Amino acid sequence: MTILTVHDLTKTYEKSPVVDRLHFDIQKGSCVALLGPNGAGKTTTLRMLAGLITPTSGRIAFEDFPDHDIRAQIGYLPQHPQFHNWMNGKEFLVYVGQLAHLSKKEASEQAEALMKRVGILEVKNQRIGKYSGGMKQRLGIAQAMIHKPKLLMLDEPVSSLDPIGRREVLNLMKELKQETTLLFSTHILKDAEDVSDELLLMHRGKIIESGTLQSVRDKHRIDKISLHFQTEPDAYVADLEGLEVVESVLREKDGLTLWVKDLEQAREAILERAFLNKWPVTQFEVGRTSLEDLFMKVVNDDAMADHFQA
Amino acid sequence: MQWLTIFKRENLEAARNFKWVWVPLVFIILGVTDPLSTYYLPEILDSMGGLPEGATVDIPTPPPGEVLIMSLSQFNMLGVLIVVLMSMGTISGERKSGVAELVLVKPVHYHTYISAKWAGTLGIVAVSLFLGLLSSWYYTNLLIGDVAFGQFMQLFLFYGVWLALVVTFSLFFNTLFRSPGMVSFLTLAVVILISMVSNVLSHILTWSPGLMIPHLSTMLAEGSVPGELWAATSISLATIVILLIASTLVFRTKEMA
């Protein structure tokens, strides 16, 4: 079931589009990563969805709640959440909870439950000004969830954290995606792969690739095999290039990388050749280009295109 | 409900950063100054070396009502400055820091947010003015002469409208600009402009909110509320309403970026 549909969403600042005719929808219960390099328009997109800025054109529709204030149905964590530093954590949560139409009692119970959930219950009575970056981020997630939103949006939830805090927040997100629809932005592919099921790859204000993680991987998959030898590998290049299934061979620093048409056939042919000729193979690795390669390729292609235009 | 939540939070903040202490205190000090200095003026002159031998200068003690008017003039200079300084960041500061983002992604109406902020500031200003004027009234009655409580209340209410107008201007600029410095500068500029223009053209602009104090002086002297005072008050109230509506509209179109 679709929870959110975005249609032709565009945001233009001083005539140059920051977000350019986005078109996507989000299924209820899914976990979607909005992936893209810095400056791709991720934050602008999320802010439009959160109602903080108005789109230049296009439409955002929350399926279940066409007429209501959509803000009641979404939780949003900005990239750098700021709080009233003179308040303590619990006070702040109760405050925003009440703003989201919870009664004081509900807000208070919900605040305690969430603080426990995100692991900052022990500092609930401490001034937010004294919180560490990780604690603030978790408080930010808690404030986004205080009114049990249908859609939780997190803008770069882990970028500003140290490795430990990052791991903790990512694990928390994995838990959260079980109970709510989650949309988060990141410029780190690893995080997207770790947590999300679906991917919206964004670059220069456009979505250039989207789908489930698996389908995007499959679509951009190129099979490759890397071979290492005890001796210099140059001697085997010609032999390998002669094989039908091998498309090309690349001589690398300490081995060979082969791009192949069919992985199964290639493996058989290469291993057979190696066995018959008694090649001193030390390492045989079957690999697939990862999303990282795709991500880099997309970003670089674009950078190169720019380079040539200029 | 949401309105009360924001209003309460405003007051909690004002209590925690001692706005609820220092603003009333400043007004009380300002209020006490004039009755005391008027009463002790001969002693003060004496201690400063006194007047030359043989010079007889008769310093008339002003009528008690005039002393209260003097206090209001104090409020009109330093008091207004305090009001502007304490209100310059109510909204702009929250937007600048980014807290406003967390508040406004919750289903809060802009008019709720703005009116609650306005009321929060106004509450402190009203209480401070009341306490300041009350202390002035108390010492005037004690040292100089009686002023009726009714007249004291009239002064408080009419002058309060002018301060409310200052607060509203500040709030309006708060929605327009994100820098508290800009907000305070523009608010002061508007207040000074209103006062200057009204004083220069006082015979034409009799209804100007900037002439509140002369009108109040007339009121005390004549014992009845002059028509110009009603006019100035109505104009102020109307401006307050218009500015509040404008603030909401401006705020809605401003992006919280």
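The values are calculated or read from the model by the stated rules, or taken from the named source; none is laboratory data. Since this is a predicted model, take the numbers as computed values, not measurements. Cβ placement follows ideal geometry from the backbone for every residue including glycine, while neighbour counts extend to all protein chains displayed.
Do you know which residues across region B:1-17 are facing another protein chain (nearest Cβ under 7 Å) and over 20 Å from A:G129 (Cβ atoms)?
Selection gives B:Q2, B:T5.
Taking region B:215-248 only, how many residues are closer than 30 Å to A:A50 by Cα and surrounded by 14 or more Cβ atoms within 10 Å (Cβ to Cβ)?
Number of matching residues: 5.
Any residue at all in region A:74-97 that is modelled with pLDDT under 90, facing chain B (nearest Cβ under 9 Å), surrounded by 15 or more Cβ atoms within 10 Å (Cβ to Cβ) and in a helix (DSSP H, G or I)?
no
Inside region A:224-237, can you point out the residues that are more than 19 Å from A:K261 (Cβ to Cβ) and of a type in the set (A, V, I, L, M, F, W, C)?
Scanning region A:224-237 gives A:F229, A:A235.
Every residue, every condition in (1) touching a residue at least 60 places away in the same chain (Cβ under 8 Å); (2) of a type outside the set (A, V, I, L, M), yes or no:
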{"position": "B:S87", "(1), (2)": "yes, yes"}
{"position": "B:P107", "(1), (2)": "no, yes"}
{"position": "B:V161", "(1), (2)": "yes, no"}
{"position": "B:L171", "(1), (2)": "yes, no"}
{"position": "B:F177", "(1), (2)": "yes, yes"}
{"position": "B:I192", "(1), (2)": "no, no"}
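Select from region A:42-73 the residues that are within 26 Å of A:E175 (Cβ to Cβ) and touching a helix residue (DSSP H, G or I) at 6+ places or on another chain (Cβ under 6 Å) and write down the one among them that is nearest to the other protein chains (Cβ to nearest Cβ).
Within region A:42-73, the match that is nearest to the other protein chains (Cβ to nearest Cβ) is A:F65.
Quick check on A:S196: is it crowded, with 16+ Cβ neighbours inside 10 Å and either touching a His at 6+ places or on another chain (Cβ under 9 Å) or under 22 Å from A:T5 (Cβ atoms) (or both)?
Against the criterion (crowded, with 16+ Cβ neighbours inside 10 Å and either touching a His at 6+ places or on another chain (Cβ under 9 Å) or under 22 Å from A:T5 (Cβ atoms) (or both)), A:S196 qualifies.
Only one residue in B:S47, B:S92, B:S115 is surrounded by fewer than 22 Cβ atoms within 10 Å (Cβ to Cβ) and under 23 Å from the mean Cα position of the chain (by Cα). Which one?
Result: B:S115 is the single residue among B:S47, B:S92, B:S115 that is surrounded by fewer than 22 Cβ atoms within 10 Å (Cβ to Cβ) and under 23 Å from the mean Cα position of the chain (by Cα).
Within region A:127-142, track down each residue that is in contact with a Lys or Arg (Cβ under 9 Å, 6 or more places away or on another chain) and within 11 Å of chain B (Cβ to nearest Cβ).
Result: A:I128, single match.
What's the total number of residues in region B:157-172 that are in contact with a Leu (Cβ under 7 Å, 6 or more places away or on another chain) and of a type in the set (A, V, I, L, M)?
4
With the structure loaded, tell me whether A:K105 is more than 8 Å from chain B (Cβ to nearest Cβ), surrounded by fewer than 16 Cβ atoms within 10 Å (Cβ to Cβ) and over 25 Å from the mean Cα position of the chain (by Cα) or whether it fails that test.
yes
Return the residue satisfying two criteria in turn: it lies in region A:1-41 and is outside any strand (DSSP E or B) and touching a helix residue (DSSP H, G or I) at 6+ places or on another chain (Cβ under 8 Å), and of such residues it is surrounded by the most Cβ atoms within 10 Å (Cβ to Cβ).
It comes out as A:G36.
Do you know which residues across region A:154-175 are without any contact (Cβ under 8 Å) to a residue 40 or more places away in the chain, more than 16 Å from A:L34 (Cβ to Cβ) and surrounded by 17 or more Cβ atoms within 10 Å (Cβ to Cβ)?
Result: A:L161, A:G165, A:R166, A:V169.
Considering only residues of region A:143-200 that are closer than 23 Å to A:F83 by Cα and among the β-branched types (V, I, T), which is nearest to the other protein chains (Cβ to nearest Cβ)?
This residue is A:I146.
Looking at (1) in contact with a Lys or Arg (Cβ under 6 Å, 6 or more places away or on another chain); (2) in contact (Cβ under 8 Å) with a residue 24 or more places away in the chain, which one does B:E66 not meet, given that it meets all the others?
(1)
What residue, of B:L237, B:L211, is closer than 30 Å to B:Y138 by Cβ and at pLDDT 95 or above?
After ruling out the rest, the residue left standing is B:L237.
What is the residue count in region B:113-160 for residues that are within 14 Å of another protein chain (Cβ to nearest Cβ) and among the hydroxyl-bearing types (S, T, Y)?
Number of matching residues: 1.
Going by what's in this entry, would B:K117 be described as under 22 Å from B:F172 (Cα atoms), part of a helix (DSSP H, G or I) and modelled with pLDDT under 90?
So B:K117 does not fit the description; no.
Based on this model, can you work out whether A:Q110 counts as in contact with a His (Cβ under 9 Å, 6 or more places away or on another chain), polar (S, T, N, Q), crowded, with 19+ Cβ neighbours inside 10 Å and not in a strand (DSSP E or B)?
yes
Residues in region B:1-40 that are surrounded by 13 or more Cβ atoms within 10 Å (Cβ to Cβ) and over 24 Å from the mean Cα position of the chain (by Cα): how many?
Residues meeting the conditions: 4.
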